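The values are calculated or read from the model by the stated rules, or taken from the named source; none is laboratory data. On a predicted model such as this, the values are computed, not experimentally measured, just so you know. When we count neighbours, we look across all protein chains shown, and the Cβ atoms used for this are built from the backbone with ideal geometry, even at glycine. Ligands, DNA and RNA are excluded from the accessible area calculation, which covers all protein heavy atoms including side chains. Shrake-Rupley method; radii C 1.70, N 1.55, O 1.52, S 1.80 Å.
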Amino acid sequence: MHKPDAVLFDFDGTLVQITIDFRLMRARAEEVIRRYGLEPPAARYTLEMIAAARELASKQDAALAASLVRDAEAAIRAVELEAAPQAQPLPGVERALSWLHAEGVPIGIVTRNCRPAVLSILERLRLPYDALFTRDDVAHVKPNPEHLLACLRALSAAPARSLMVGDHPTDMRAARAAGLVAVLVSDPHPAESAEELPDLHITRLDDLIGIVQEGRWEGFVRYQEEANR
Ligand SMILES: [Mg+2]
């Protein structure tokens, strides 16, 4: 068996089923932004909306921008913390993580969720892991590849010999940009572009065990190396 250097996992929707009310989260962040006299900027996700609002506010006053970010983050963290006690592991998660852990394959978690919510869930469910990089731990979150690379550095792992497992096309985008083998765990999910296509597709997390045992992940490493020659 050729073990990878590390396996990184997304958290929400990959390791645990968690029902965060993203509309409420956005509404709470918009309230904060309006309280600072700004119109909430258009953005696909709430974190990016807050980052854009910070840019706008910093044109007026840096201290004001910092205060806006603090208040907006507190508002969305409250929504995340409220959802944390109901989070449950997805099928095959305990088996897959226990197996990797027993085989000595380092486990990393890379998530846009906040550290207090993720830690409380990991402790309650007793899931093994070696490194946790939430949005509170990095300057640039997924799909920025730097989020994954920071976690790999902590695990002393090479991107080309590591896997990134996630349930969303943006996880695949981040994996490809950082040079990891991209593994999608989900029902078939339409990718929006070639950058979001997975190398491997699984439907349960413990399908990973066979992929590692049979070295199926290595085929994609060789392919990438040949493509780069
Ligand atoms: Mg997810």
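Entry remark, the stretch 7-43: residues being among the acidic types (D, E) and closer than 15 Å to T111 by Cβ number 2 in total. Scanning the stretch 21-44 finds one or more residues that are of a type in the set (A, V, I, L, M), under 30 Å from L122 (Cα atoms) and within 16 Å of the ligand (Cβ to nearest atom). R161 falls short on exactly one of the conditions (1) modelled with pLDDT of 95 or more; (2) closer than 23 Å to R77 by Cβ, and that condition is (2).
Taken over the stretch 28-51, residues that are surrounded by 15 or more Cβ atoms within 10 Å (Cβ to Cβ), free of Cβ contacts under 8 Å to residues at least 60 places away in the same chain and part of a helix (DSSP H, G or I) amount to 9. Output yes when any residue across the stretch 55-65 is of a type in the set (A, V, I, L, M), crowded, with 16+ Cβ neighbours inside 10 Å and out of contact with any helix residue (DSSP H, G or I) (no Cβ under 7 Å at 6 or more places or on another chain), and no when none is. The answer is yes; a qualifying residue exists.
Tell me, yes or no, whether the stretch 74-84 has at least one residue that is free of Cβ contacts under 8 Å to residues at least 40 places away in the same chain and open to solvent by less than 60 Å² (accessible area, probe 1.4 Å). Yes: the stretch 74-84 contains one or more residues that are free of Cβ contacts under 8 Å to residues at least 40 places away in the same chain and open to solvent by less than 60 Å² (accessible area, probe 1.4 Å). Within the stretch 91-111, being surrounded by fewer than 19 Cβ atoms within 10 Å (Cβ to Cβ) and either outside any helix (DSSP H, G or I) or at pLDDT below 95 (or both) holds for P91, G92, E103, G104.
The residues of the stretch 153-166 that are surrounded by fewer than 21 Cβ atoms within 10 Å (Cβ to Cβ) and part of a loop (DSSP other than H, G, I, E, B), listed by number, are L155, S156, A158. Entry remark, the stretch 95-121: residues being of a type in the set (G, A, S) and closer than 15 Å to L8 by Cα number 4 in total. When the stretch 117-136 is filtered for residues that are open to solvent by 60 Å² or more (accessible area, probe 1.4 Å) and in a helix (DSSP H, G or I), the ones remaining, listed by number, are E123, R124, D136. I need the full set of residues from the stretch 10-20 which are loosely packed, with under 14 Cβ neighbours inside 10 Å and either within 15 Å of the chain's Cα centre (by Cα) or near the ligand (Cβ under 10 Å from one of its atoms) (or both), in order please. Hits for the stretch 10-20: nothing passes.
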